[in-house]
Structures are given as C-alpha cells and as structure tokens.
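Note sheet for the following structure.
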Amino acid sequence: MKTKASEYEKFDAIIIGAGQAAKPLAIALGKAGWKTAVIERKEVGGSCINFGCTPTKAMAASARVAYLAHRGDDYGVRTGAVEVDLASVLRRKNEIVRRFRDGVWKSLEDANNVELIFGQAAFDGPRTITVQLNAGGSRKLAARHVFINTGTRTAIPPVPGLDRLPMLDASSILELDTLPRHLLIIGGSYIGLEFGQMFRRFGSEVSIIQRGPRLLPREDPDVAEAVSKMLAEDGLRIYLGADVLDAGPGQGDDAVVLSLRLPIGPTRLAGSHVLVATGRTPNSDDLGLAVAGVETDDAGYIKVNERLETGVPGIYALGDVKGGPAFTHISYDDYRVLKSNLLENGHATVSGRPVPYAVFIDPQLGRIGLTEEQARQGGRRIIVARLPMSQVARAVEMSETRGFMKAVVDADSGLILGCAILGPEGGELMAMLQLAMMGGIPYTRLRDAIFAHPTLAESLNTLFAAVEPA
C-alpha cells in the first residue's frame, strides 16, 4: 500500500551516511535554519575515522617506533631486544579512534536543527526515505534535499575459493590482536603497501601479490620501482605479474594457500592470513536508488554532475560513493562545493580541482598534479627536476636517505605541473610545491628562495638548481 504524504516526517535536508563530509554539511545546514536529519547505520565518522586514515596512521606510528628501535645501532643507541605488543598497539589505536568518533558524534548532537538517527536508510520514492532503526521499528522521512554520503567497502576479487576463507579486509585487519606469522596481501596499491610495511615492521612475514607489472600503477615507473626496492629492503616479498588462480585452506600454521600464475610459471604460496586490498566498491546497492530514479555507473558509483547533483533534482552524492579520487580531503571539498552553492549563492564545481595525496609508507610518498608520464602523453614540453634524498643534508643527518624528489615543470612558463616526493615527510614537502602551483610561482622562485638551514624544505633549492630553461 502506498504511503501517504502525511505519514512522512518533514525535513529540509536528509544526509545518508555520517562520513567526513556529513558533519560539516549538517552543521552548516542546521546553522542556516535547515531542519536536517543525518542517518548512519553503524558508526559516525566514515571510513577515515573508523578504518581508514585515523586507525591506520596510529598503527603506522607504532610500527615506525619499532623500526627505529631496530635501527638503534645506526644512531649509536643500544636498545636491546625489540618486542611489539600488538594488543597494546590496538588499545592505543582504539583510544584515538574513540576520541575522534566521539568528537564527531558530539558535534552532530550539539548542532542546531540537526537530528542524528541510527539505522539503515533506503529510498521509497524521490526524496522520501524509510529508515529501519537499529533500536527497532522504522521511520519515514521526506526532504527537499537528500545527500548520499555512504562511502565504499572492500571489493572482493573473483578468485575461486577465496570467499570460503577467513580473509581480512582494511577494516578487520585493524582488529587483529595476534601477529600474523605470514601475511599474504592480494593487491599492490596504496592500502596493500601501507599494511604490508606496517605488519612487516611489527614482525610478520609479508608477501605482496600484484597482478600488474609494477606496484602503484598510477605512479611513474621510477617511483614504483623505488618503492618496490625500498619495501624489498624492509624484507617484504613482492610478486609482480601474478594472477591468483584459486585459494584454499592450508595445513597447520598455514591457514591459506594461494595458487599463483607468475611470469616464471605456476607456484603455490602458503600463509597464516590473507588480506584483500584490490580496490573498493560503493555502498550504493542497498539504498533503493532505482526507486528514486538515481542512476549509477556499471560499478555502482552514483552519477553526478560537476555540482555533485544526480539526475534527480535535489538529490546529491558526495564522498567516495560518487567515484573519483577516494580521499578524505576530497570528500571535505565536496562539502565546500555544496555549501557554496546551496547556502551562499555560489557557483562552485568539482571541475579541475587539484588532488593532492600522500601514501603513508615510510618514507612517505607525496603526490600532486601531473606525473611525468601524463605530461609526456599530453604532448607538453617539460623539464624534469630530480634529486635523490641521499643528497639532502637534513635527510643524511637523520639517516633517512631512501627515495627521491621529482618535479615536472612546464618548459615554456617555468610553472610546476606536478611532483612526486618519496622521502622523509614527503607529504609535507609536496604541500609546499602545491602552494607554489596554486600561486602560479615558477620553479626559479623556489630555486632562489631562502629557506632555514638545515631543513628538508631547503632541498627545494637543490632540486631546482640544476634545471636549465629549455
């Protein structure tokens, strides 16, 4: 039986999913006088706080301390035997996550005109929602504006037998309280590498299985090769060009056995745990989007225009569920676009915005703008500035000389088109070049600038010193 319009609770805005864009958007809408409902089925804060940025970087910090302790002799410091207490690592991580999560919850609870509702939301018509409440029962809501912010989850590759094994994903691996003896990681991109190095530093054997010919396929080949060499130095085993044919149970301590096809022939790889890190899939399949008339692409990502609006007026998607770069800072910028357009009579779009990011392996990889490959494929006249970290004074003083700095410069204007910084605080150094790009500052200004000595920033003088105008 069709629900009568009078049976719906009326709101000005409904936000489905309490991810990183939801909190600031809800607070801004509520402050503007919009009666706003935020619906979350599990935990506020989205992937970033619950199983992404916050917990992984907290654990990576513990892993780095273990790494430095093992390297004590390099610095003339004798530390004795190093032992990682994974349960204590988890307690520290969980406390940080709880603090961040509670902060989001309190902000939403204290916001004017905002109601936080816990349950599973699904459309039952355009801009009408039924919520199956976690506490039991249901509520029916209607609003002039609906914002979908439901994020993504781990994509499971179609490997025969894999779904019958106790596999780990980016969320469940964070709850392990015993150290894997041998962690098999399917996928050699950002998530797989961060977890791989982390657990190797905790003391696990780690094998990374990458289907393509190199790690980090979105990066330049020299960057990927340097990262691969660095991880191999750390003791990770890396299998490139590897197809996983099937998966099955092992024996004894080896709970998992993977059958691989490698360039050199078939092999079987046994391990105690397997982590799937082959990509993400959008949380859009249980929202009843078809009922609302909202379209998705073949992978399930919600289609939006450059103002983040779907094909249904008044329904928007923001964050990872719409596809595109899956970063917290991009989700937050989605909020800024919507705030400008809906509350400030702005004309903001997502078109052409920069996408900086950092990969939190150690040393970090910071990236912004065009890669060298992209610039050359685009037919641009470019200059490539390159500096190994072994020639950076501060890095030598820190005994952190792995990696290199690389900037792509437009040969005609001298403007910086992009960079890759693989080295200590690579993300922070990348941000300096991003500021130069935003301000239209040519590389020569950085070459001739006075930076404090000895800092990592000072290396920008040296990076651009050898660059000759075309």
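The numbers here are math on the coordinates, done by the rules we state, and not lab data. As the structure is a prediction and not an experimental result, all values here were calculated from the model. We place every Cβ from the backbone using ideal geometry, glycine too, and count neighbours over all the protein chains shown.
With a cut-off of at most 10 other beta carbons within 10 Å, and DSSP calling the residue loop, which trypsin sites (Lys or Arg not before Pro) in segment 71-155 qualify? Please list them.
Working: sites: Arg71, Arg78, Arg91, Arg92, Lys93, Arg98, Arg99, Arg101, Lys106, Arg127, Arg139, Lys140, Arg144, Arg153; in loops: Arg71, Arg78, Arg127.
Passing both the DSSP loop test and the Cβ count: Arg78.
Determine the percent antiparallel among the DSSP beta bridges restricted to the chain, to the nearest 5.
Values: 52 of 84 bridges.
The antiparallel fraction comes to roughly 60 percent.
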³J(HN,Hα), Karplus 6.51/-1.76/1.60, whole Hz, each residue of segment 14-24, x for Gly, Pro: 10, 10, 9, x, 9, x, 5, 7, 5, 4, x
Measure nothing fancy, just the Cα-based angle from helix 221-233's long axis to the longest principal axis of the chain, in degrees from 0 to 90, nearest 10. 70
When the charge dipole of the chain is computed with +1 on Lys and Arg Cβ and -1 on Asp and Glu Cβ about the Cα centre, the Cα farthest towards its positive end, among Ile96, Val159, Pro263, belongs to Ile96
Long-range amide H partners of Gly403, meaning residues 5 or more apart or on another chain whose placed amide H is closer than 5 Å, are Met389
Report the charge-dipole magnitude of segment 363-465 in Debye, nearest 20, computed about the Cα centre from +1 at each Lys and Arg Cβ and -1 at each Asp and Glu Cβ. 260
Output wanted: per-residue J couplings in Hz (rounded whole) for segment 425-441, from phi through Karplus 6.51 cos²θ - 1.76 cosθ + 1.60, θ = phi - 60°, x for Gly and Pro. 6, x, x, 6, 5, 4, 4, 5, 6, 4, 4, 5, 5, 5, x, x, 8
Of the options Ile186, Leu433, Ile14, report the single residue whose Cα projects farthest towards the positive end of the charge dipole of the chain (beta-carbon charges: Lys, Arg +1; Asp, Glu -1). Ile14
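Excluding Ala348 itself, what net charge comes from residues whose Cβ is under 15 Å from its Cβ, given Lys and Arg +1 and Asp and Glu -1? Display every interim value, and only then the final one.
On the way: positive: Arg307, Arg336, Lys339, Arg353; negative: Glu306, Glu309, Asp333, Asp334, Glu344.
Summing Lys and Arg as +1 and Asp and Glu as -1 gives -1.
With only Lys, Arg, Asp and Glu charged, each at its Cβ (+1 for the first two, -1 for the last two), find how big the charge dipole of the chain is about the Cα centre; round to the nearest 20 debye.
On the way: 52 positive and 54 negative charges, 149 e Å.
Charge dipole, the chain, about its Cα centre: 720 debye, nearest 20.
Compute the orientation-averaged projected area for segment 162-278 from the convex hull of its Cα atoms and round it to one decimal in nm².
Quarter of the Cα hull surface area: 6.9 nm².
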For segment 4-86 the GluC sites (Glu not before Pro) that pass both the DSSP coil test and the at-most-12 other-Cβ-within-10 Å test are Glu83
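Neighbour counts of other C-beta atoms within 10 Å: give me Asp333, Asp110 arranged from fewest to most. Numbers along the way, then the final one.
Details: Asp333 19, Asp110 9.
Lowest to highest Cβ neighbour count: Asp110, Asp333.
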Can you tell which of Ile382, Leu422, Ile450 lies farthest toward the positive end of the dipole of segment 363-465, using +1 and -1 charges on the Cβ of basic and acidic side chains (Lys, Arg; Asp, Glu)? Ile382
In degrees, nearest 10, range 0 to 90: what is the angle between the Cα axis of helix 328-343 and the longest Cα principal axis of the chain? 40
Arranged by the count of other C-beta atoms within 10 angstrom, fewest first, what order do Ile368, Ile15 take? Ile368, Ile15
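Charges at C-beta only: +1 for Lys and Arg, -1 for Asp and Glu. How large is the resulting dipole of segment 134-236 about its Cα centre, in Debye rounded to 20?
Here segment 134-236 has a charge dipole of around 680 debye.
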Projected area averaged over orientations for the chain, convex hull of C-alpha atoms, nm²: 26.3
Once the in-chain neighbours fewer than 8 apart are removed, the lysines whose Cα is under 17 Å from Lys106 read Lys23, Lys31, Lys42
